[in-house]
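Peer 1: I have a structure I would like to understand better, so I am pasting it below and will then ask my questions one at a time.
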2 protein chains.
Amino acid sequence: MSKNRFLDDFLVGESFTTKGITITEGEIIHFAMQYDPQPFHLDVTAGLESPYKGLIASGFHTVAICFRMFIQTGVLLACSIGSPGVDELRWLAPVRPGDTLKTKAKVLEIRPSSSKPNRGILRMKYVGTNQNGTNVISFIVNHLLLRYKE
Amino acid sequence: MSKNRFLDDFLVGESFTTKGITITEGEIIHFAMQYDPQPFHLDVTAGLESPYKGLIASGFHTVAICFRMFIQTGVLLACSIGSPGVDELRWLAPVRPGDTLKTKAKVLEIRPSSSKPNRGILRMKYVGTNQNGTNVISFIVNHLLLRYKE
């Protein structure tokens with residue numbers, strides 16, 4: 001992965017696969033206490049009694065972890081100036097304590113702004129996969145990127 | 001808001017407005033360190049030099065806070081068994097330290113499952129608003145809810 005990429009340095013179809021992060025019971029409960037206090041994210045016993053038959057991570061936790069894994073690669077460090085939003089966020093399978101997730105981010109579209117010559121949208125599809133090769137999440141981020149160093 | 005609601009107790013068009021949460025610089029930086037380590041979420045100086053002219057919250061932080069505010073009402077406590085996903089997540093305006101957000105969640109659609117008689121989808125549009133009445137975020141959650149106590 002080259003350093004200091006800008007919008008026009010990406011190619012449609014190009015993809016990036018991240019290192020992994022192992023999800024612990026402690027992190028699942030800590031996130032849920034702050035952001036998603038539902039019993040099956042907080043309480044091992046309630047998780048066992050739920051349709052998931054065990055504690056599972058909040059989907060908002062999973063999306064944040066998978067996004068972080070890609071940001072952590074540094075690919076967008078020089079060029080990212082935010083995002084207008086995310087499309088088609090899908091939670092495909094439960095994430096459980098002990099799972100190790102990796103993320104693949106693939107370029108779907110590159111769209112220079114028609115009004116602001118210094119920027120544009122990089123549309124990327126993220127897929128998070130666990131240690132068994134099961135896809136647990138997918139989502140599309142519309143990244144707002146600079147086209148050159150300002 | 002009545003207690004122990006199930007899917008069929010909701011009405012299309014019905015809405016719920018939450019209490020507020022004030023967003024601090026410390027929480028913005030803490031979340032960004034874990035889940036979105038981009039300079040304009042982590043570093044006050046880098047924020048000032050960014051197009052936002054100051055530190056702003058990660059969009060994944062804002063969505064988690066707004067979701068939490070609605071979960072915290074307890075409306076879904078008896079009936080929520082998860083979610084297959086989110087549509088049309090839009091970050092509409094920056095969230096800055098000191099902002100106080102509230103969330104309005106409105107029922108768009110109620111769709112009993114055709115295959116599993118005990119459950120269905122409640123499609124809800126969330127809108128997060130700051131102390132000035134500016135909408136900062138909107139998103140649609142497809143909530144998977146029980147139709148009755150099991």
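Peer 1: What quantity of accessible surface, computed with a 1.4 Å probe and excluding non-protein components, is buried in total between chains A and B, in Å² to the nearest 100?
Peer 2: Numbers: alone 8350 and 8340 Å², together 13590 Å².
Approximately 3100 Å², summed over both chains.
Peer 1: Still on this model: Taking 40 Å² as the minimum loss, tell me which residues in the range A:87-121 lose that much accessible area going from the chain by itself to the full protein complex (1.4 Å probe).
Peer 2: A:89, A:90, A:91
Peer 1: While we're looking at this one, here's another question. What nm value, rounded to one decimal, do you get for the distance between residue B:34 and residue A:132 when each label is placed 7 Å out toward the C-beta?
Peer 2: 2.6
Peer 1: Pop out a list of residues from the range B:63-78 that are at least 20 Å² less accessible with all the protein chains around than in their chain alone; 1.4 Å probe, no ligands or nucleic acids counted.
Peer 2: B:63, B:64, B:67, B:68, B:71, B:77
Peer 1: For a protection proxy built on the mean count of beta-carbon atoms within 10 angstrom, sort B:109-117, B:133-141 highest first, please.
Peer 2: Order by mean packing, descending: B:133-141, B:109-117.
Peer 1: Another question about this same structure. Mind running the shape call on the protein assembly as shown? Use the C-alpha gyration tensor, a ≥ b ≥ c as the square roots of the eigenvalues: rounded below 1.5 for a/c, prolate if a/b tops b/c, oblate otherwise.
Peer 2: It comes out prolate by the Cα gyration axes.
Peer 1: Using θ = phi - 60° and the Karplus curve 6.51 cos²θ - 1.76 cosθ + 1.60, what whole-Hz ³J(HN,Hα) does each residue of the range B:125-140 get, with Gly and Pro shown as x?
Peer 2: Working through the residues one at a time gives 9, 9, 10, x, 10, 8, 5, 8, x, 7, 6, 9, 7, 9, 6, 10 Hz.
Peer 1: Tally up the carbon and sulfur contribution to the accessible surface of the protein assembly as shown as a whole percent, 1.4 Å probe, everything protein left in place.
Peer 2: Solvent-exposed carbon and sulfur of the protein assembly as shown make up 52 percent of the total.
Peer 1: By how many degrees, between 0 and 90 and to the nearest 10, does the Cα long axis of helix A:25-35 differ from the longest principal axis of chain A?
Peer 2: Around 70 degrees separate the two axes.
Peer 1: While we're on this one: Accessible area per residue for chain A in Å², computed with a 1.4 Å probe and the full protein assembly in place, what is it?
Peer 2: 45
Peer 1: I'd like the Karplus ³J(HN,Hα) series for the range A:99-106: coefficients 6.51, -1.76, 1.60, θ = phi - 60°, whole numbers in Hz, and an x wherever there's a Gly or Pro.
Peer 2: Residue by residue, the range A:99-106 yields 5, 10, 9, 10, 10, 10, 10, 10 Hz.
Peer 1: Checking the cross-link filter: which lysines have an alpha carbon closer than 21 Å to that of residue B:104, excluding same-chain neighbours under 8 positions apart?
Peer 2: By straight Cα distance, residue B:104 reaches B:3, B:19, B:125.
Peer 1: Among A:46, A:135, A:12, flag the residue with its Cα farthest along the positive direction of the charge dipole of chain A, charges on Cβ as +1 for Lys/Arg and -1 for Asp/Glu.
Peer 2: A:12
Peer 1: Among the trypsin sites (Lys or Arg not before Pro) within the range A:10-103, which fall in a DSSP loop and have no more than 14 other Cβ atoms within 10 Å of their own Cβ? Intermediate results must be reported in sequence, preceding the final value.
Peer 2: Numbers: sites: A:19, A:53, A:68, A:90, A:102; in loops: A:19, A:53.
Loop-located and lightly packed - A:19, A:53.
Peer 1: Which aspartates and glutamates, if any, have their Cα less than 15 Å from the Cα of residue B:149, not counting same-chain residues under 8 positions apart?
Peer 2: Qualifying aspartates and glutamates at Cα under 15 Å: A:49, B:8, B:9.
Peer 1: Can I ask one more? Given labels modelled 7 Å from the Cα in the Cβ direction, how far is it in nm from residue B:8 to residue A:8?
Peer 2: For residue B:8 paired with residue A:8, the spin-label model returns 6.1 nm.
The values are calculated or read from the model by the stated rules, or taken from the named source; none is laboratory data. Just so it is clear, the structure is predicted and the values come from calculations on it, not from any experiment. For neighbour counting, all protein chains shown are included, and Cβ atoms are generated from backbone atoms with ideal geometry for every residue, glycine included. The area values use the complete protein model at the heavy-atom level, side chains included, leaving out ligands, DNA and RNA. Shrake-Rupley method; radii C 1.70, N 1.55, O 1.52, S 1.80 Å.
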